[in-house]
Amino acid sequence: MGNRKKQVLILCTGNSCRSQMAEGLVNAYLGEDWQAFSAGTAPSGMVHSLAVRAMAEIDIDISEGITDSVEIYRKTELDLVITVCDNAAKNCPVWLGDEEVKHMPFDDPTKLVGSDSDRISACRQVRDLMRDRILSYLESR
């Protein structure tokens, strides 16, 4: 029997931007070893267009992403839960499993008030920070 992929759930509040980008990054770059899912403590119902654009620039398509509630992962066998915003960390449900919960906050680029180019620039910055921090963290495990 082969080794099963390790499973990571990436959690934020709306599951529309940061957690969606992080899920895409993990599955694209570390897909041989990790399977990522993302969810929100209060799902927004849509993947943010800025996140879709920022990821498309690095050839990762998250346009079909679905915003899920964290509740649907309650019975999933996870190895790790990563919270990417302070609100999700505060409202992170108490998990009944053994998985580790790691808090790695990133600013929400969709909250930035400014021009379109300022906002996509902020989204790229968060995408690249997450690529560096989350991927290197997972690779070290």
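The values are calculated or read from the model by the stated rules, or taken from the named source; none is laboratory data. Worth saying up front: this structure is predicted, and the values here are computed from it rather than measured. Note: ideal-geometry Cβ built from the backbone for every residue, glycine included; neighbour counts use all protein chains shown. Surface areas here come from the heavy atoms of the whole protein model, side chains and all, with no ligands, DNA or RNA. Shrake-Rupley method; radii C 1.70, N 1.55, O 1.52, S 1.80 Å.
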Checked the stretch 8-141 against the a/c 1.5 cut and the a/b vs b/c comparison, axes a ≥ b ≥ c from its Cα gyration tensor; verdict prolate
Accessible area of the chain divided out per residue, in Å², using a probe of 1.4 angstrom
53 Å²
Which of the aspartates and glutamates could a cross-linker bridge to LYS5, judged by Cα under 18 Å and excluding same-chain residues fewer than eight apart?
GLU23, GLU32, ASP33, GLU77, ASP79, ASP98, GLU99, GLU100, GLU139
Over the chain, with every protein chain in place, what whole percent of the accessible area is carbon and sulfur at 1.4 Å, could you tell me?
47 percent
In the stretch 34-141, which chymotrypsin sites (Phe, Trp or Tyr not before Pro) fall in coil by DSSP and have 15 or fewer other Cβ atoms within 10 Å?
TRP95
In the chain, which longest range has no GluC sites (Glu not before Pro) that are both DSSP loop (not H, G, I, E or B) and surrounded by at most 10 other Cβ atoms within 10 Å?
78-141
For the chain, what does the relative contact order come out to in percent, with C-alpha contacts under 8 Å and a separation of six or more?
27 percent
With +1 on each Lys and Arg Cβ and -1 on each Asp and Glu Cβ, and nothing else charged, work out how big the dipole of the chain is about its Cα centre, in Debye to the nearest 20.
200 debye
Tell me the trypsin sites (Lys or Arg not before Pro) within the stretch 1-59 that lie in a loop according to DSSP and have at most 16 other beta-carbon atoms within 10 Å.
ARG4, LYS5
If a/c stays under 1.5 just call it rounded; otherwise compare a/b with b/c (prolate if a/b is bigger, oblate if not). Do that for the stretch 21-94, with a ≥ b ≥ c from the square roots of the Cα gyration tensor eigenvalues.
oblate
